[in-house]
Structure formats: structure tokens, C-alpha cells
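Enquirer: Handing you this structure, nothing more for now.
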């Protein structure tokens, strides 16, 4: 109790002062100056400004026609067209800034090259899919999709442990880090100094000093307000190799939307963690940011852990030579001896290749359900396809339940989530709000036979714009653990009723506006 109180103290005034220093104030100011200059120039009464306004209005018309004709989610297209209708001068320009960003092609080429280089090291010959084909396994279509189209095999020699809440993950993580002998690779969206990260960093320092190869990749937007801009240099002093993914720069036309939202920690390629937890104190409830923080992680051992390692290596060491990649494999001299209690198939989602793996995976689980589908997600901001899938499953008699937070981290986003309640409840979907605090777990369980644990939220950013990852479990013992945890969590939730969704006319209009612009949040 005393340690928590000591840690909560600097999270107030002292933390605010520290944050003011650490914030990238210069970047924010430069961005605001650019936006202000554009607005001032376009709103001025000069002849040049009038010509530019008329030109941009014409551009917006062509942009709107382009949006209508291109492939993509109809809801997102409607949002953009409506925005252009409201502000024809800025709407088309904003879409061009948002979509056609400098650096996107080079980032796509880099990711494409790394995936091609790493493909042989996923060891497709270890896949058990041919055996499952002969047996007529229930989830063959999903397995074929992830393996055939996404080149991610189904592994047998793998073991998974479900860890929830974040405190359970934290204890397991520290124990596994202490066992590292060759390398530790961390890919994380958010890292913040505090009890959790400092405990991890202490081990990383010792391991690096002992000759263990320690590499870290963190997202610059995720750590924008939590780490100093030159934190890589700080880590380098400890012998830790660090990289910033997609650095945030003070230029409007830059690739800022494609963020690395993955959470992967690999130890010697034998053990890997993935799920919803970042390396910050709220994830282990050492700091009560939004009440009690409920999260979930998965500890994976065996062949599937090597698969997660490769997924992470594509980001932090995408230019590695084949010999270097092969040297990292823990089973060069002998096959993996980890026993199997089911089948495990890690997956990765990449927005640059325009294949919505995470959404397709969720859709398949929902549409294949016969008895129930249980979902936990911090945000429920979905497109029409996902909304119909959830509704159709409930109408077909499947017990569809979704747990979301009661205490929001972003009030506007939470209001957008609530705007979907009425339609889901009317279809028979049961929605619950986690009353003790914030629900941050990203899991989907169905029919006692399949579960998905990963980093993807059920919102547009995760499903369309972010690098994400996760694991699909088929018939593993960890599925029962996740189900039991879900049912226990339900006891702490408040069921949402249609009466709760009653709104005044202004309130309903506001919710419809939020839904209209939900793809842009």
C-alpha cells in the first residue's frame, strides 16, 4: 500500500510538471502554426485566397467522386463525403493530408521486403493444417485464410497460458525475463516510466550487461507524452538497442496514421507474450488512472512463440540477413519438445497491405458461432459489416455478449461506443459495462473451442490503420481459463438495457453525428 501511495504522489502535480517538460511542445506548436497559417490564408479576403478557395472547392468535388468510386468501407466513405459537404474548402484538403501522406510508399516497401525475407522462417513445413484437412477440423476456413493468404502457419507444439489482470502478466513477465539467455525483443505501443517499466528496465540492464541482446521498438505516437524524445540514447547507455517506430514529425503531410499498436515481448524465441497490456503503471493497477484496469495477456511457449518473435523481428530487424534470422531460432539442433493441448496460430495485421486480417478473423469467429460469442473490448466502434455480423448471430440464437468499459479513457470515444448500443440490443446482443473501471482486454471466445487474444480493439483505428497482432487458440486449455475469467468479470458488470439508451432528441442527434464521424476518430 505504501509503495502505491508513493507512486501515486508524483502522478499529480509533480508528474504534470515533468510532463510539461517532456512533452514535445515544439512539435505541437509547429503543427498548430501550420494549421493556423492555412486557415488564416484561406479565410483572408485577398484575390489570391479567393482563387485558392475556389480551386480547393473544385478539388473537393473530385475528391468526393474518388471516395465514392474507390474500394473501402461504406461507413468511412460516407463520413468523408459528408465532411466535404460541410466544409468543401477544407474537406478535400484534409482527406488528401489524411490519406496520401509522404513516406507511406517507402514504409510499404520496407514492410513488404521484410515479410518476403522472413516468410521461410515461419517454418510452414511444421504446419499441422494438412493433418487437420484430413480430419475435417471445424475451423479449417479460418486456418486456411491465415496460413494460405497471410502465410502464418498453424502450430501444434505450443502451449498457452491466459494471464488476467495485468498484475498476473507482470509477475510472469519478470520471471521469464530473468531466464533470458540469448536475446529479449520488445515491441510496444506505450512505455512509461514507473513501477512496471522501471522493474522491467532493471532486468534489461542486467541482461544487457551480461551479454544478452536486448532490443526495443516503441511507437512514437503512443509514447508521445510518456517518454522523452531522445529516450533511445538513454537506453543505449545501458547497452539496449532501441528504435522509434514511425517518428512523429511537425509536418502535416507525413505518415502519422499507421501506428505500431502491437504488444510483443519475446525471450530467446522460446517464450512470447502478447495481448492488451502496455508497459505502464495503469495496466497493473499501480496507478488508478480510470478505476480498476482490466486487461488480458497470453504467454505462448514453443513453435508459436517463435512465430510471434518473427512477427516482431519484421519491424525491429526488417533488414536482417537470412543467416542472422536463422541464428535466432531456438530449435536449430533439435525439434521443439513443448507438448500440445490444442493448436495455436499467431496472426499479424498490417494496414499498408490493405488486408483487414483482424476484422476478417473476428467476422469468421462470429459467423461460425453455434452456441455463444463472448467479447471484451475497450471500444466498440465498428463498421456496418461487423455490426451486421453481431446482430445476425444474436438473431440466429447465438448468445452474443460484449463487455466494454463503464469508466471511459476518452469521453467522446466512449459516447461513440454507446451510440451503437441501441441497435445491438434491439438485435439481441447483450452489452455490459465493466463498472469497477476501464476494460482494456481484447479477447473473443466462442463455443468452448476457439479464442482470440491480441492487441486489436473493435474500432476503426485498430481494424483499418494500425499494425496489430494476436493469437488464435483452437481447443487449448487456455480457452477455458479465458471463459472462466470472462464469466467472473460479468459479475462485476452492469447490463445495459434499452431504457439506458433512451435519449432526448438533441442527445440522439449528437450520437448520430458521432457515429457518422466514427471512422475518423
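The values are calculated or read from the model by the stated rules, or taken from the named source; none is laboratory data. On a predicted model such as this, the values are computed, not experimentally measured, just so you know. Please note: Cβ atoms are built from the backbone with ideal geometry, for glycine as well, and neighbour counts cover all protein chains shown.
Enquirer: Please work out which one of (1) under 30 Å from residue 438 (Cβ atoms); (2) touching a strand residue (DSSP E or B) at 6+ places or on another chain (Cβ under 8 Å); (3) in contact (Cβ under 8 Å) with a residue 40 or more places away in the chain is the condition residue 342 fails and give its number.
Expert: Evaluating residue 342 over (1) under 30 Å from residue 438 (Cβ atoms); (2) touching a strand residue (DSSP E or B) at 6+ places or on another chain (Cβ under 8 Å); (3) in contact (Cβ under 8 Å) with a residue 40 or more places away in the chain leaves (1) as the failure.
Enquirer: What are the pairs, 6+ residues apart or on separate chains, where a residue within segment 480-505 that is at positive phi has its Cβ under 7 Å from a residue that is modelled with pLDDT under 95?
Expert: Correct list of pairs: empty, since none qualify.
Enquirer: Quick one: in segment 350-407, which of the residues that are more than 19 Å from residue 450 (Cα to Cα) and part of a strand (DSSP E or B) is modelled with the lowest pLDDT?
Expert: 355
Enquirer: Among the numbered criteria (1) farther than 20 Å from residue 261 by Cβ; (2) not in a strand (DSSP E or B), which single criterion is violated by residue 344?
Expert: (2)
Enquirer: Inspect all residues belonging to segment 178-193 and state whether any of them is over 22 Å from the mean Cα position of the chain (by Cα), within 30 Å of residue 369 (Cα to Cα) and crowded, with 18+ Cβ neighbours inside 10 Å. Explain how you work it out, then say what you get.
Expert: Initial filter on segment 178-193 (over 22 Å from the mean Cα position of the chain (by Cα)): 178-183.
Next, only the ones that are within 30 Å of residue 369 (Cα to Cα) stay: none.
No, there is no match, as no residue in segment 178-193 is over 22 Å from the mean Cα position of the chain (by Cα), within 30 Å of residue 369 (Cα to Cα) and crowded, with 18+ Cβ neighbours inside 10 Å.
Enquirer: Do we have residue 78 as assigned to a helix (DSSP H, G or I), touching a helix residue (DSSP H, G or I) at 6+ places or on another chain (Cβ under 6 Å) and surrounded by 15 or more Cβ atoms within 10 Å (Cβ to Cβ) here? Before you say what the answer is, go through the steps one by one.
Expert: Details: assigned to a helix (DSSP H, G or I): yes; touching a helix residue (DSSP H, G or I) at 6+ places or on another chain (Cβ under 6 Å): no; surrounded by 15 or more Cβ atoms within 10 Å (Cβ to Cβ): yes.
When the stated conditions are applied, residue 78 does not pass them.
Enquirer: Being in contact with a strand residue (DSSP E or B) (Cβ under 6 Å, 6 or more places away or on another chain), surrounded by fewer than 22 Cβ atoms within 10 Å (Cβ to Cβ) and not assigned by TED's automatic domain parsing to the domain that holds residue 74: is that true of residue 415 here? Working first, answer last.
Expert: Numbers: in contact with a strand residue (DSSP E or B) (Cβ under 6 Å, 6 or more places away or on another chain): no; surrounded by fewer than 22 Cβ atoms within 10 Å (Cβ to Cβ): yes; not assigned by TED's automatic domain parsing to the domain that holds residue 74: yes.
Criteria not met by residue 415.
Enquirer: Looking at segment 482-503, which of its residues are within 26 Å of the chain's Cα centre (by Cα) and surrounded by 18 or more Cβ atoms within 10 Å (Cβ to Cβ)?
Expert: Selection gives 482, 483, 485, 486, 489, 493, 496.
Enquirer: Related question: Would you mention how many residues in segment 384-412 are touching a residue at least 60 places away in the same chain (Cβ under 8 Å) and crowded, with 22+ Cβ neighbours inside 10 Å? Step through it out loud before you land on a result.
Expert: Step one: filter segment 384-412 for residues touching a residue at least 60 places away in the same chain (Cβ under 8 Å), giving 384-386, 401, 403, 405-409, 412.
Filter once more, so that each one left must be crowded, with 22+ Cβ neighbours inside 10 Å: 403, 405.
Going through segment 384-412 one residue at a time, the tally reaches 2.
Enquirer: Would you confirm, using the coordinates I've provided, whether residue 506 is assigned to a helix (DSSP H, G or I) and either in contact with a helix residue (DSSP H, G or I) (Cβ under 8 Å, 6 or more places away or on another chain) or surrounded by fewer than 24 Cβ atoms within 10 Å (Cβ to Cβ) (or both)?
Expert: Details: assigned to a helix (DSSP H, G or I): yes; either in contact with a helix residue (DSSP H, G or I) (Cβ under 8 Å, 6 or more places away or on another chain) or surrounded by fewer than 24 Cβ atoms within 10 Å (Cβ to Cβ) (or both): yes.
Considered against the rule, which asks whether it is assigned to a helix (DSSP H, G or I) and either in contact with a helix residue (DSSP H, G or I) (Cβ under 8 Å, 6 or more places away or on another chain) or surrounded by fewer than 24 Cβ atoms within 10 Å (Cβ to Cβ) (or both), residue 506 comes out as yes.
Enquirer: Can you name the residue in segment 417-446 that is touching a helix residue (DSSP H, G or I) at 6+ places or on another chain (Cβ under 6 Å) and outside any strand (DSSP E or B) and is also nearest to residue 515 (Cα to Cα) among such residues?
Expert: Out of the qualifying residues, it is 419.
Enquirer: Further, regarding this structure: Could you please give the count of residues in segment 116-136 that are farther than 20 Å from residue 348 by Cβ and crowded, with 17+ Cβ neighbours inside 10 Å?
Expert: Total satisfying the criteria: 1.
Enquirer: In the set 226, 234, which member is over 20 Å from residue 348 (Cα atoms), out of contact with any helix residue (DSSP H, G or I) (no Cβ under 9 Å at 6 or more places or on another chain) and either modelled with pLDDT under 95 or crowded, with 20+ Cβ neighbours inside 10 Å (or both)? Don't jump to the end; show me each part of the working.
Expert: Details: 226 fails: out of contact with any helix residue (DSSP H, G or I) (no Cβ under 9 Å at 6 or more places or on another chain).
Checking each option against the conditions leaves just 234.
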